[in-house]
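Below is one structure; the comments refer to it alone.
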Amino acid sequence: MAASPGPAGGAAAGAVHGSGPFGLAFDSGLEIKTRSVEQTLLPLVSQITTLINHKDNTKKSDKTLQAIQRVGQAVNLAVGRFVKVGEAIANENWDLKEEISIACVEAKQAGETIAALTDMSSLNRPESDGQITIFTDKTGVIKAARLLLSSVTKVLLLADRVVIKQIIRSRNKVLATMERLEKVNNFQEFVQIFSQFGNEMVEFAHLTGDRQNDLKDEKKKAKMAAARAVLEKCTMMLLTASKTCLRHPNCESAHKNKEGVFDRMKVALDKVIEIVTECKPNGETDISSISIFTGIKEFKMNIETLRENLYFQSKETLSAMLDALLERTEDFTDCAYTSHEHRERILELSAQARMELQQLISVWIEAQRKKTKSIDEELELAILKISHSLNELKKELHSTAVQLAADLVKYHADHVVLKALKLTGVEGNLEGLAEYACKLSEQKERLVETCRLLRHVSGTEPLEITCIHAEETFQVTGQQIISAAETLTLHPSSKIAKENLDVFCEAWESQISDMLTLLREINDVFEGRRGEKYGYLSLPKPMEQAKIAKLGLKLGLLTSDANCEIEKWEDQENEVVRYGRNMSSMAYSLYLFTRGEGPIKTSQDLIHQLEVCFISILC
């Protein structure tokens, strides 16, 4: 069942607000979740800021007045063009027509108000006494500016919902074709339908790749990357598994293999829709427990608040937090592959943390009764001691998980079990199949458990998601390899069955290789060499550059007019001049980018241009 896009902008929490580099306070109550919408607003903000940040004591020469008027007119004209585009989108999307139309009317009215307030044509005439302008009604300009930014943002977010609808429609097409592929029992018909399926998957990959790049939330971006990786790898598996079923229609293991691929692809398709719509099916919630490292971080933040407020937390709350945190260390101590030394050290540090919390609570109670310098010092010491113990526990858990994973990946680097399964298959050796299937199952369980431990020490949400993706991949692919090997063993001369087993084995080998990259990144985060602002090599990347700039960048069409007028301002060092000159230049470059022209060729160039511009403004 297709989900529908949520309301424009989603929740109000995290709304567009604050003064930013432009000094213009703005709170639209709308949450911007994509980089393209955020960056689209920059040219408009710059032009409005040029008007609002003018010095009240600026010399009102004819050239200055003309410049202010031209900038106001440029904003109004640009908004007029923007509104036309918005209205065109409304006419093509009847379900959003009313909302977009209202926002367009608001934007148009605000633009006209700004144009009227910056109309200086009769300011120096005697009859102009009492005329309301930017010089006499700065509050009116600010109010109009806020309304303009709010309404333009609404239009952009509603247009973004059109993009979400495109992704939903694309997914529904893929799903419908998949259902036809599941039922087909004729090879010629399968080839025709699969060709259509391939084209639809390419379209879906492009849309979701653009969306992945555009998302601001790193956690959602990582989830999208994981879902897209599943779809990409499963597409080839679906081809070979379906061909094997058609070639051996009465083979139970072949059907089991094929069903596993279809089921995983459907889950991945649903996951993509959950991410873009922020709607879980049937009101489900995310029940995955937090990692140990996240739990330690939250616990330390809570005890550190005691320095400022002795009554912020209850003793029971802190005790419960630590108990829950240490309970999760049982994943390590109960693991059959954890060494005796690591297990003993984890238990020791856990007991020490409990003891030091009791000491902290004792000093805390005393500090609530009387306020003295010595008590404050004791409290500080108690906080430092438990923080140190938890840091030592982090180091031990990290060392345990990473060492286990490194040893396991190294041990299985030659893929002996996979090679043996392939050999028993072409030999038709059922006894050999049973032996090596058992060995692969043991290897799979060990890899799955190791991924769970790595998740606890990954250090960032994107890497946590990568660990979960790796765990699921090993769990599913391991069983699929066994069913594919069974099919080959039952039909040892089947080239199609052999090709199918090769494809699943390659997916397993690829995931083992990805584990090495994941380990490096977890180590980098632990040692402070990488933070969440960087990209992760272990996350699959979209096949193409995202088109970051979209509809709203048409607001940059008339920034060249404003730029010409700014050059005429007499005081070239004026702060408003500097803002306007830099932002006008950037806005025009962004506009050229939407047409595939100008100096900005990629999203990385775009980000660099924005950084340079902001630095020049803030310096």
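The values are calculated or read from the model by the stated rules, or taken from the named source; none is laboratory data. These numbers come from a predicted model, not from an experiment. Note that each Cβ is placed from the backbone with ideal geometry, even for glycine, and that neighbours are counted across all protein chains shown. Keep in mind that these areas ignore ligands, DNA and RNA; they rest on the heavy atoms of the full protein, side chains included. Shrake-Rupley method; radii C 1.70, N 1.55, O 1.52, S 1.80 Å.
Would you kindly find the accessible area of residue 474, with a 1.4 Å probe and non-protein molecules such as ligands, DNA and RNA excluded, rounding to the nearest 10 Å²?
Roll a 1.4 Å probe over it and residue 474 shows about 0 Å².
Which order do 342, 491 take by accessible area at a 1.4 Å probe, largest first?
Details: 342 30, 491 60 Å².
Largest accessible area first, the residues go 491, 342.
Can you give me the P(r) profile for region 401-480? Cα pairs, bins 10 angstrom wide beginning at 0, each as a whole percent.
With 10 Å bins starting at 0, P(r) equals 18, 44, 26, 10, 2.
If you count, for each residue, the other Cβ atoms within 10 Å and average over each peptide, how do 71-82, 420-431, 365-376 line up from highest to lowest? Each step should come with its number before you reach the end.
On the way: 71-82: 22.1, 420-431: 17.0, 365-376: 11.0.
Ranked from most to least packed, the peptides come out as 71-82, 420-431, 365-376.
At 1.4 Å probe size, with no ligands or nucleic acids counted, give the accessible surface of residue 340 in Å², nearest ten.
So the heavy atoms of residue 340 present about 110 Å² to solvent.
In square angstrom, rounded to the nearest 10, how much accessible surface does residue 467 have for a 1.4 Å probe?
0 Å²
Sorting 411, 337, 436 by accessible area (1.4 Å probe), largest first, what list results?
On the way: 411 160, 337 80, 436 60 Å².
Most to least solvent-accessible, the answer reads 411, 337, 436.
Starting from the Cα-Cα distance between residue 313 and residue 95, subtract it from 0.36 nm times their residue separation and give me the gain in nm to one decimal. Each step should come with its number before you reach the end.
Working: separation 218, 0.36 × 218 = 78.48 nm, distance 4.80 nm.
Computed gain between residue 313 and residue 95 is 73.7 nm.
Please compute the modelled spin-label separation between residue 301 and residue 499, points set 7 Å along Cα→Cβ, answer in nm with one decimal.
Spacing of the two 7 Å Cα→Cβ label points: 5.3 nm.
Shape of region 359-506 from its Cα gyration tensor (a ≥ b ≥ c, root eigenvalues): rounded if a/c is under 1.5, otherwise prolate when a/b > b/c, or oblate? Mind showing how you got there, number by number?
Values: a/c = 5.01, a/b = 4.37, b/c = 1.15.
Prolate, because a/c is 1.5 or more and a/b exceeds b/c.
For residue 252 and residue 395, compute 0.36 nm times the residue count separating them, minus their Cα-Cα distance, and round to one decimal in nm.
On the way: separation 143, 0.36 × 143 = 51.48 nm, distance 4.81 nm.
Working it through step by step, the gained length comes to 46.7 nm.
Residues of region 342-360 with backbone nitrogen within less than 19 Å of a virtual label 7 Å along the Cα-to-Cβ line of residue 384, please, listed as ranges.
Residues 353, 356-360 qualify, since their backbone N sits under 19 Å from the label point.
Please label the shape of region 213-269 as rounded, prolate or oblate, based on the square roots a ≥ b ≥ c of the eigenvalues of the alpha-carbon gyration tensor (a/c under 1.5 means rounded; beyond that, a/b larger than b/c means prolate, else oblate).
Working: a/c = 5.60, a/b = 3.38, b/c = 1.66.
Prolate shape, in that a/c is at least 1.5 and a/b is the bigger ratio.
Please give, to one decimal in nm, the separation of the simple spin-label points placed at residue 370 and residue 320, each 7 Å out from Cα toward the Cβ.
3.3 nm
So if R0 is 60 Å, what FRET efficiency would residue 336 and residue 186 give, r being the distance between their Cβ atoms, rounded to the nearest 0.05?
Values: r = 49 Å, r/R0 = 0.82.
Once the sixth-power term is evaluated, E becomes 0.75.
Less than 11 Å from a label point 7 Å out along the Cα-to-Cβ axis of residue 403: which backbone N atoms in region 320-357 qualify, by residue?
338-346
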